[in-house]
Amino acid sequence: MNPVPKISRACIVAIALALIVAGPAMPKAQTRPDSALNPNLLALQANRWVRFHQAGLTKWRRDGHAGMAYDAKRGVLLFFGSGTHGRNWDNGVHQFDPVSERWETHDRPAPPGSYRADPTGNRVAGRGPPRPWAMHVYDGMVYDPVRDALVVAARPGHNPIRKKLRSAKIDPVWVYDLGVRRWRMMDNGGEPAPVVFAGGTAYDRIRDTIVLSRAHSRGGEVWELGPDRRKWVRAWRGRRQHGIHVTMGFDTKNRRIVVFGDYKATETVAVYTPGAEAGEPGSWRISVPGGDSCPAVTKTPIAYSERDGVFLVVPRIGKTRKTATCVYDAATHRYRRIPDAGLERGHMNFMMAYDLRHDVFLMVTGNWRAPPQVWALKLGLGALDSAPKQF
């Protein structure tokens, strides 16, 4: 029998450091066999938006004030939020499956008559178990792959029922457990939880931390919910680095939080480098990216490709309904614009995600008058590098 080789102390230290740097592994999804994937998505031509699906019978209508998240365990798109400006008081969760191309509603909207304050003053709705009010969500919602839940850190700032229910004063952070499809309020250690209005949220998978960035009249803050998910901690406070109507994502490759947009369209991109652990302060860098020209950004869909390590950004061109499609690389802080990859989508959209299983970006468009449409784009960086400039 061969003797077991001894491992030096230096080797053990090197292995430990490598594990710390690598961070937690990406949670394993319930993968489907290749035969269950959608061949239409797998066969897409690179760098072209394709209308992949147009809903027919679904009663759900996309609202520009709502948010969307990608459920990495099931490979589906999840929607929550509404306008509350007369037409839409939807506080149900909706779902689109890119494989079956089917829409599903998890729960019916709660009637406005069920809106109330619970004994501690939380704003709750529903005849049965408490649910969140209908609200503008924007980018205030994120999928937590470790807990398999939606985390909604938005608040119903524009819901007119606030003026009638003065006893309802507290906006909790809501958690939607996808395994049982039920809402619960986050306890947050008995302290008020940070919520945002048109701020940004993202999941930092390296630190297994949910990050929230918000702006207000007194400045800006970054809050983080660490691996234990027990309590939000403020990691940074200072001069406002961005306004509202932003879209935020986590860059796994470069370990940075990237914030696009502002209340008024802006060409600057705000990059936040977080601390080593949840709650430790990070630092901001605000500047205009180099590279190709990309339109100013506000109320714009963005998504991050885990495969390529870049963001896809789809801003509106000026005041038109047309859009451009740009690739942002945080490592070089540069844009590359995809020629002939524009489409019409309206002026407010927070509904784009990267589907790792199919290696495509999925974006949902539409409004209260028309059924939603799902668009797909497969990014080909090699083809993009060799393409001639056309703008």
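Laboratory data are not the source of any read-out in this text; all were calculated from the coordinates shown. As the structure is a prediction and not an experimental result, all values here were calculated from the model. Don't worry about glycine lacking a Cβ; one is built from the backbone with ideal geometry, like all the others, and counts go over all protein chains shown.
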Residue separation times 0.36 nm, minus the C-alpha to C-alpha distance between Ile206 and His158: what's the value?
13.8 nm
Residue among Ser305, His333, Ile317 farthest towards the positive dipole end of segment 279-334, charges placed on Cβ
Ile317
Note, segment 278-295: 3J(HN,Hα) by Karplus (6.51, -1.76, 1.60, θ = phi - 60°), whole Hz, Gly/Pro = x, goes 4, x, 7, x, x, 9, 10, 9, 10, 6, 8, x, x, x, 5, 6, 10, x
Please compute the length gained on full extension between Trp368 and Thr105, using 0.36 nm multiplied by the number of residues separating them and subtracting their Cα-Cα distance.
93.0 nm
Averaged over all viewing directions, the convex hull of the alpha carbons in segment 41-149 casts a projected area in nm² of 9.1
For segment 165-221, alpha-carbon Rg and Dmax in angstrom:
13.7, 41
Lys169/Ser114 FRET efficiency (R0 25 Å; Cβ-Cβ; nearest 0.05)
0.90
Note, ³J(HN,Hα) from phi for segment 252-267, Karplus 6.51, -1.76, 1.60, rounded to Hz, x at Gly and Pro
5, 4, 9, 6, 9, 8, 10, 10, 10, x, 5, 4, 9, 3, 9, 8
Taking Cα atoms of the chain, Rg/Rh with Kirkwood Rh, to two decimals?
0.98
Among the listed pairs Lys253/Lys378; Lys73/Lys253; Lys59/Lys264; Lys73/Lys378, those beyond 25 Å (Cα-Cα)
Lys59/Lys264
If you wrap segment 231-293's Cα atoms in a convex hull and average its projection over all directions, what's the area in nm²?
5.2
Can you run phi through the Karplus equation (6.51, -1.76, 1.60; θ = phi - 60°) for segment 369-381 and list ³J(HN,Hα) in whole Hz, with x for Gly and Pro?
8, 10, x, x, 10, 10, 10, 10, 9, 9, 7, x, 5
Return the distance in nm (one decimal) between the two label points of a simple spin-label model at Thr332 and Arg307, each offset 7 Å from Cα along Cα→Cβ.
2.0
To the nearest 0.05, the calculated FRET efficiency linking Asn254 and Arg230 through their beta-carbon distance, R0 being 45 Å, is 0.95
Relative contact order as a percentage, the chain, C-alpha pairs under 8 Å and 6+ apart, gives 15
Identify, among Ala72, Val93, Gln45, the residue whose Cα sits farthest towards the positive end of the charge dipole of segment 41-105, taking +1 on the Cβ of Lys and Arg and -1 on the Cβ of Asp and Glu, with the dipole about the Cα centre.
Gln45
Averaging 1/r across every pair of distinct alpha carbons in segment 124-222 and inverting yields a Kirkwood hydrodynamic radius, in angstrom, of 14.4
At R0 = 41 Å the Cβ-Cβ FRET efficiency linking His216 and Ala43, nearest 0.05, sits at 0.30
